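A short worksheet on the structure shown next.
The values are calculated or read from the model by the stated rules, or taken from the named source; none is laboratory data. Computed from a prediction, not measured in an experiment: that's the story for all the values here. Every residue, glycine as well, gets a Cβ built from its backbone with ideal geometry; the counts of neighbours run over all protein chains shown.
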Amino acid sequence: MLSLMNITNYCYCTENVKVKIHFNDIFLCKRAQILAMTEAWEWSENDVILHVLPLHHVHGIINVLCCPLYVGATCYMQKRFDAAKVE
């Protein structure tokens with residue numbers, strides 16, 4: 001189960017907060033979706049994913065961040081997306 005944590009995504013140009021994620025709030029609201037997706041995608045603690053989706057999009061938050069973290073998988077993130085670094 002997810003523990004209480006916050007993720008803050010800053011705009012590097014203005015240093016303003018763009019996204020602030022409260023996992024407990026998301027988990028309580030989206031528990032059924034997280035459980036369904038972890039089962040459908042067969043997520044396990046041995047999985048690793050490079051997260052390149054925006055954190056202001058539900059797919060980026062729920063499916064590619066909360067699901068792997070819920071099962072204890074590893075989720076790598078970069079400050080900025082650079083296609084050359086993702087080869």
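Residue pairs whose Cβ atoms lie under 8 Å apart, separated by 6 or more positions or on different chains, with the first residue in the stretch 52-65 and over 18 Å from GLU39 (Cβ atoms) and of a type in the set (Val, Ile, Thr) and the second assigned to a helix (DSSP H, G or I) and modelled with pLDDT under 85, are VAL52/VAL86; ILE61/ILE26.
Checked against the criterion of being within 25 Å of PHE81 (Cα to Cα), at pLDDT below 80 and touching a Leu at 6+ places or on another chain (Cβ under 8 Å), the stretch 44-55 has at least one qualifying residue.
Kindly establish whether ILE26 is in a helix (DSSP H, G or I), crowded, with 16+ Cβ neighbours inside 10 Å, modelled with pLDDT of 80 or more and hydrophobic (A, V, I, L, M, F, W, C). In short, no.
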